[in-house]
Amino acid sequence: MHTHGAIGTADPAATDPAAEIRAAGLKVTAPRLAVLTGLTDSAHATAEQLFDTVSAGLPGTSLQAVYGVLNAFTTAGLVRRIEPAGSAALFERRVGDNHHHLICTGCRSVTDVECVVGEAPCLTPGDSAGFIVQTAEVTFWGLCPDCQAHAADAPTDIP
């Protein structure tokens, strides 16, 4: 799956994974460094994809350990977990800006899209039922340009 979206930050800790982990109040470990680096290299990744990346450099690492690291990072606010319908959870480093996502129904590529309208939380429900709305998650589904081109080039079965 190809992904798009960069981390747009001037925070010096963002360029030093160990400093970023410490700043979040977590102990720096080899699996944590490897997972954070893996997420830097892939804007939207599943735990399984990260495990494949991490296990190459840390053969003793388990998938469960990667899930544990991702859970700690999500709780600490270092990563964001998104759960597109019908897909495994995806993790990304771009946090705190309430951006949204475009997901291709063909190849499942994920692209970040800026806030839809106005200031966070971007959308205001017609009736908040007494809730104080803090964030809004919007997922747009459609065909990416590559899948559109492939569909246009595909032969049809019509005689």
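The values are calculated or read from the model by the stated rules, or taken from the named source; none is laboratory data. Quick caveat: nothing in here was measured; it's all calculated off a predicted structure. Please note: Cβ atoms are built from the backbone with ideal geometry, for glycine as well, and neighbour counts cover all protein chains shown. What goes into the accessible areas is simple: the full protein's heavy atoms, side chains included, and nothing from ligands, DNA or RNA. Shrake-Rupley method; radii C 1.70, N 1.55, O 1.52, S 1.80 Å.
Neighbours of ARG81 by Cβ distance under 11 Å: Lys/Arg scored +1, Asp/Glu scored -1, total -2. Across region 41-138, the relative contact order, built from alpha-carbon pairs under 8 Å that are at least six residues apart, equals 21 percent. When you count the other C-beta atoms within 10 angstrom of each residue and take the mean per peptide, 62-73, 84-95 line up highest first as 62-73, 84-95. Normalised per residue, the accessible area of region 17-159 is 58 Å², obtained with a 1.4 Å probe and no contribution from ligands, DNA or RNA.
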